[in-house]
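Participant: Once you've had a glance at the structure underneath, I'll fire off some questions.
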Amino acid sequence: MVSKEEHEFFKKHKDEVSVFFAKDIHDNDSWHEEAIDTLEDDVYITLDVDGLDPSIMPATGTPVPGGLGWYRVIDFLRKVYKERKVVGFDVVELKPNPGNEAPNFLSANLVYKNIGFYKKYTLLS
């Protein structure tokens with residue numbers, strides 16, 4: 001879901017900003033390469049958990065059906081770390097729901113995966 005302001009921003013900065021919507025990458029296996037081709041050599045990753053499907057991440061301010069699944073995200077992150085120099089990362093928009101700890105663990109696992117990829121592809125390469 002994109003707000004009117006975001007849509008206007010994307011139009012105004014179309015030569016500077018690349019946007020990949022979940023519906024467009026759902027059945028498109030080449031989206032990884034298309035997205036990575038838009039990146040600079042040094043990359044900072046922000047993982048906004050409201051981009052994940054609410055079936056795996058209901059604990060966010062804007063849960064929207066049709067988001068990305070776990071393996072799509074992990075496969076993409078692995079490729080980014082392999083092909084670019086990741087200089088930092090963060091995970092944002094977790095809104096914990098009392099009594100449902102699974103989204104908290106998912107967010108922690110995203111951090112763990114990034115640390116592992118950073119070590120393997122940045123520190124040890």
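Participant: Going through the stretch 34-58 one residue at a time, which ones are surrounded by 11 or more Cβ atoms within 10 Å (Cβ to Cβ) and either among the acidic types (D, E) or in contact (Cβ under 8 Å) with a residue 60 or more places away in the chain (or both)?
Facilitator: E34, I45, L47, D48, V49, D50, D53
Participant: Name the pairs whose Cβ atoms lie under 8 Å apart, with the first residue in the stretch 106-123 and touching a residue at least 12 places away in the same chain (Cβ under 8 Å) and closer than 12 Å to L94 by Cβ, the second among the hydrophobic types (A, V, I, L, M, F, W, C) and in a helix (DSSP H, G or I), and 6 or more positions between them or separate chains?
Facilitator: Pairs that qualify, where the first residue is touching a residue at least 12 places away in the same chain (Cβ under 8 Å) and closer than 12 Å to L94 by Cβ and the partner is among the hydrophobic types (A, V, I, L, M, F, W, C) and in a helix (DSSP H, G or I), are L106/V49; L106/W70; S107/V49; L110/V49; L110/V73.
Participant: Another question, if that's okay. Can you work out which of the residues in the stretch 99-125 that are buried (at least 17 other Cβ atoms within 10 Å of the Cβ) and hydrophobic (A, V, I, L, M, F, W, C) is nearest to S55 (Cα to Cα)?
Facilitator: Going through the qualifying residues, I end up with L106.
Participant: Determine whether the stretch 60-76 contains at least one residue that is in contact (Cβ under 8 Å) with a residue 60 or more places away in the chain, within 26 Å of S125 (Cβ to Cβ) and in a helix (DSSP H, G or I).
Facilitator: No, there is no match, as no residue in the stretch 60-76 is in contact (Cβ under 8 Å) with a residue 60 or more places away in the chain, within 26 Å of S125 (Cβ to Cβ) and in a helix (DSSP H, G or I).
Participant: Let me ask something additional. Assigned to a strand (DSSP E or B), at pLDDT 95 or above, over 13 Å from the mean Cα position of the chain (by Cα) and not β-branched (V, I, T) - does that describe any residue in the stretch 107-114?
Facilitator: Looking only at the stretch 107-114, we keep the residues that are assigned to a strand (DSSP E or B), and these are none.
No - not one qualifying residue is present in the stretch 107-114.
Participant: Going by the conditions given, is V80 touching an Asp or Glu at 6+ places or on another chain (Cβ under 9 Å) and among the β-branched types (V, I, T)?
Facilitator: Considered against the rule, which asks whether it is touching an Asp or Glu at 6+ places or on another chain (Cβ under 9 Å) and among the β-branched types (V, I, T), V80 comes out as no.
Participant: Which count do you get for residues in the stretch 1-48 that are closer than 24 Å to K85 by Cβ, acidic (D, E) and touching a Phe, Trp or Tyr at 6+ places or on another chain (Cβ under 8 Å)?
Facilitator: Total satisfying the criteria: 1.
Participant: For the stretch 14-25, which positions are surrounded by 11 or more Cβ atoms within 10 Å (Cβ to Cβ) and outside any helix (DSSP H, G or I)?
Facilitator: Of the stretch 14-25, the ones surrounded by 11 or more Cβ atoms within 10 Å (Cβ to Cβ) are 17-22, 24-25.
If the condition is that a residue be surrounded by 11 or more Cβ atoms within 10 Å (Cβ to Cβ) and outside any helix (DSSP H, G or I), then V17, S18, V19, F20, F21 are the ones that fit.
Participant: Being of a type in the set (G, A, S) and part of a helix (DSSP H, G or I) is the filter here, so list the residues in the stretch 91-106 that pass it.
Facilitator: Listed by number, the list holds a single entry, A102.
The values are calculated or read from the model by the stated rules, or taken from the named source; none is laboratory data. Treat the numbers as computed from the prediction; the structure is a model and nothing was measured. So basically every Cβ, Gly included, is an ideal-geometry build from the backbone, and we count neighbours across all protein chains shown.
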